[in-house]
Amino acid sequence: MTVLNASTLTLDQVYHYLKFQKLSYSSFKSLLQLEPLSEFEIAELTQIRNDFENYLTDGKVLEGMVKALSILPLLRLAGFYRAPIKMQMEQEIDRINIEDEDISITGRLDLICVNKDRPKMNDIAFWVLAIESKNTSISASEGLPQLLTYAYKSLENQKTVWGLTTNGVYYEFVYIQQSVDQDSYSTYQPLPSLHLMEPESSEKLLQVLKAICKVQNGLL
């Protein structure tokens, strides 16, 4: 059996092995209820942006610092640190065996947010948001094949999951849905790219994260 690491997969391979299909672009407002930000949230967001820019002006920001400077502070501000949601970092995925191809896929996801109040099925927690991060010299979209691969196992036990790929500057969300039946493909729907360093776009980024947190937490 050939063993592949998710980090090496192309989108074509993900389509072929895992039967994913891309849907047309959608708007955030068609899927989420975005709420205005408070003055405090805007001030905190501005500080996150300024802190990141301080490192960005020195050159490439490595993946670990991308998490520390932007992803984790944004998740805290959006409410992902609060119960019942818990974050798990650097998690090994269960092997995905593609029997018809004699292929096994392994990998390690960067960060998932799970809802501890949702019952587990087959020891797989309910995923709220899956995140794949890159350093600033790599396009955020390059994390998409990994992200879809990681979400594959969660779709065995839940109908949808939100995904996010980012390089710290650009943030690209996808809405991932399980297949309706054995004859159909699981799908992912890309959303417009958001930019941390642009004030208006970064505000929408925080609004989207807050909305995902609330919806998946059962608050809306």
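The values are calculated or read from the model by the stated rules, or taken from the named source; none is laboratory data. Remember, it's a predicted structure, so these values are computed and weren't measured experimentally. Glycine gets a Cβ as well: all are built from the backbone with ideal geometry, and neighbour counts include every protein chain shown. Heavy atoms of the whole protein, side chains included, go into the accessibility calculation; ligands, DNA and RNA do not. Shrake-Rupley method; radii C 1.70, N 1.55, O 1.52, S 1.80 Å.
Things worth noting here:
- Selected residue [touching a residue at least 60 places away in the same chain (Cβ under 8 Å), part of a helix (DSSP H, G or I), in contact with a Phe, Trp or Tyr (Cβ under 7 Å, 6 or more places away or on another chain) and at negative phi] from Ser70, Ser7: Ser70
- So Thr166, is it in contact (Cβ under 8 Å) with a residue 60 or more places away in the chain and β-branched (Val, Ile, Thr): yes
- Among the residues of the range 22-45, those identified as in contact with a strand residue (DSSP E or B) (Cβ under 8 Å, 6 or more places away or on another chain) and either of a type in the set (Asp, Glu) or open to solvent by 90 Å² or more (accessible area, probe 1.4 Å) (or both) are Lys22, Tyr25.
- Sole residue being hydrophobic (A, V, I, L, M, F, W, C), modelled with pLDDT under 95 and open to solvent by less than 60 Å² (accessible area, probe 1.4 Å), chosen from Val208, Val180, Val215: Val215
- Candidate set from the range 143-167 (those that are of a type in the set (Gly, Ala, Ser) and at pLDDT 90 or above); member that is surrounded by the fewest Cβ atoms within 10 Å (Cβ to Cβ): Gly143
- Residue check: His16 meets all listed conditions (1) under 20 Å from the mean Cα position of the chain (by Cα); (2) under 30 Å from Arg95 (Cα atoms); (3) in a helix (DSSP H, G or I); (4) not hydroxyl-bearing (Ser, Thr, Tyr) but one, namely (1).
- Selected residue [open to solvent by 30 Å² or more (accessible area, probe 1.4 Å), among the small types (Gly, Ala, Ser) and at pLDDT 95 or above] from Ala78, Ala68, Ala83: Ala68
- Arg118 falls short of the stated requirement of being out of contact with any His (no Cβ under 6 Å at 6 or more places or on another chain), surrounded by 16 or more Cβ atoms within 10 Å (Cβ to Cβ), charged (D, E, K, R) and farther than 28 Å from Tyr188 by Cα.
- Scan of the range 10-57 for residues that are among the aliphatic types (A, V, I, L, M) and free of Cβ contacts under 8 Å to residues at least 24 places away in the same chain, ordered by number: Ala43
- Failed condition for Ile103, given (1) within 15 Å of Leu129 (Cα to Cα); (2) touching a helix residue (DSSP H, G or I) at 6+ places or on another chain (Cβ under 7 Å); (3) open to solvent by 10 Å² or more (accessible area, probe 1.4 Å): (1)
- Remark: Leu109 falls outside the filter, which requires a residue to be among the aliphatic types (A, V, I, L, M), at pLDDT 95 or above and crowded, with 20+ Cβ neighbours inside 10 Å.
- In the set Thr2, Thr8, Thr57, only one residue is among the hydroxyl-bearing types (Ser, Thr, Tyr) and in contact with a strand residue (DSSP E or B) (Cβ under 9 Å, 6 or more places away or on another chain); that residue is Thr2.
- Condition met for Pro36 (at pLDDT 95 or above and in a loop (DSSP other than H, G, I, E, B)): yes
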